[in-house]
Amino acid sequence: MTVPTSTSQREDEPFLPAPFTNTVPPPELIAQGAEALLYRTHFLTPSNPAALKARPSKPYRHPTLDARLTKQRVLAEARILVKLSALAGDPSNEVHVPAVLSLEWDTARKVKALGEEQRGSHGGGAWLLMEWIEGRSVKDLLRQWDGWYKNTGKNVTPEELARQEDEIKKLLRRIGKAVGAMHNKGSVVHGDLTSSNVLVRPFKDGHMQNGSGGITDGEATTHEEHSSPPDLDGEIVLIDFGLATQSIQDEDRAVDLYVLERAFGSTHPRQEGWFDAEVLQSQDGYRGSYKGANVVLKRLEDVRLRGRKRSMIG
Ligand SMILES: Nc1ncnc2c1ncn2[C@@H]1O[C@H](COP(=O)(O)OP(=O)(O)O)[C@@H](O)[C@H]1O
Ligand SMILES: [Mg+2]
């Protein structure tokens, strides 16, 4: 067995670009998607957590084309994050994204420059380092809520159940508002809106909302998960801009909403019935978030019809 050197690694290990092969503690692999690997690491000091999104090169693609595509994807995602981060100075801003810390679009060049040998497909690739968002995905939170509902929620008073349902509806409206701000203020269309790509970051002052259990930390045991509903309070943070584009077209915006609606329907059947009224139509949701929202929502009706026709044919 060869001992991995500082900048190259064995081929059966997940792609981890230099200089992150050297960091102590080593980056922790959090998620492995079709296109990218997501690690939790740190920036400058171990107390400053960061998310590393690494895009390995694809061995089946021509190296020059591959390098160009990978570079384009990483740069496009970084550009959009920087653009949306710049809105954070605006006090009326409702869209939050991770800050970009660093990036490299040609790890092969870096490896060569360091005089190291390239190994297999690990030679190329690109990465983006961004602020780590302490929080949980809306997907996680709604799943925990479902668990609570099944085990405990059915036995609570109607008033308590209504209060917990209101918390969900409030969360849904905040999601609609954040998407509206991204569309309008950011002129950005996400391209992959799902409940996994929407995070809730608990407020820093740790303020709790009328006894709903405080900040849950993602490590809750199954028992805890079922006996208490999750705290849904916090700031909405949108992530995963790998498929995002800069666009102000009604059609693109409507398709963005349609993708979210479909993803939501298949992932969260229990909350699906609230999606339209809260996320889309509410004055505190998408509809009220900017002036042109009603035109986009009208367009969404056409997009739905086309979607239905297509699923009837295909
Ligand atoms: N900045 C971040 N802070 C915390 N967790 C993150 C961050 N970015 C991504 N993640 C986590 O990693 C997962 C995968 O990242 P994502 O950008 O969505 O990549 P993919 O395109 O593979 O879905 C996310 O669902 C989320 O759980
Ligand atoms: Mg994702």
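Counting protein heavy atoms only, segment 20-131 has 57 percent of its accessible area on carbon and sulfur, 1.4 angstrom probe. Straightening the chain between Tyr60 and Glu13 buys 15.1 nm, computed as 0.36 nm per residue apart minus the Cα-Cα spacing. Length available on full extension from Glu134 to Ser102: 0.36 nm per residue minus the Cα-Cα distance, which gives 9.6 nm. Spin-label model, Thr23/Lys170: points 7 Å from Cα along the beta carbon direction are separated by 3.5 nm.
Each of Val82 and Met312 was given a label point 7 Å from its Cα along the Cα-to-Cβ line. The distance between the two points is 4.8 nm. Counting 0.36 nm for each residue step from Arg270 to Lys150 and taking away their Cα separation leaves a gain of 42.1 nm. Within the same chain, aspartates and glutamates fewer than 8 places from Lys204 are excluded, and of the rest, those with a Cα less than 18 Å from its Cα are Glu94, Glu131, Glu134, Asp217, Asp231, Asp233, Glu235. From the alpha carbon centroid of segment 279-314 to that of segment 140-160 is 29 Å.
Using R0 = 30 Å, the C-beta based FRET efficiency linking Ala277 and Glu235 works out to 0.85. Ligands, DNA and RNA left out, the accessible area of segment 136-313 computed with a 1.4 Å probe is 49% carbon and sulfur. Remark: segment 136-313 carries 49 Å² of accessible area per residue (probe radius 1.4 Å; ligands, DNA and RNA excluded).
The values are calculated or read from the model by the stated rules, or taken from the named source; none is laboratory data. Bear in mind the structure is a predicted one, so any value in this text is a computation, not a measurement. We place every Cβ from the backbone using ideal geometry, glycine too, and count neighbours over all the protein chains shown. SASA here: full protein model, heavy atoms, side chains in, ligands and nucleic acids out. Shrake-Rupley method; radii C 1.70, N 1.55, O 1.52, S 1.80 Å.
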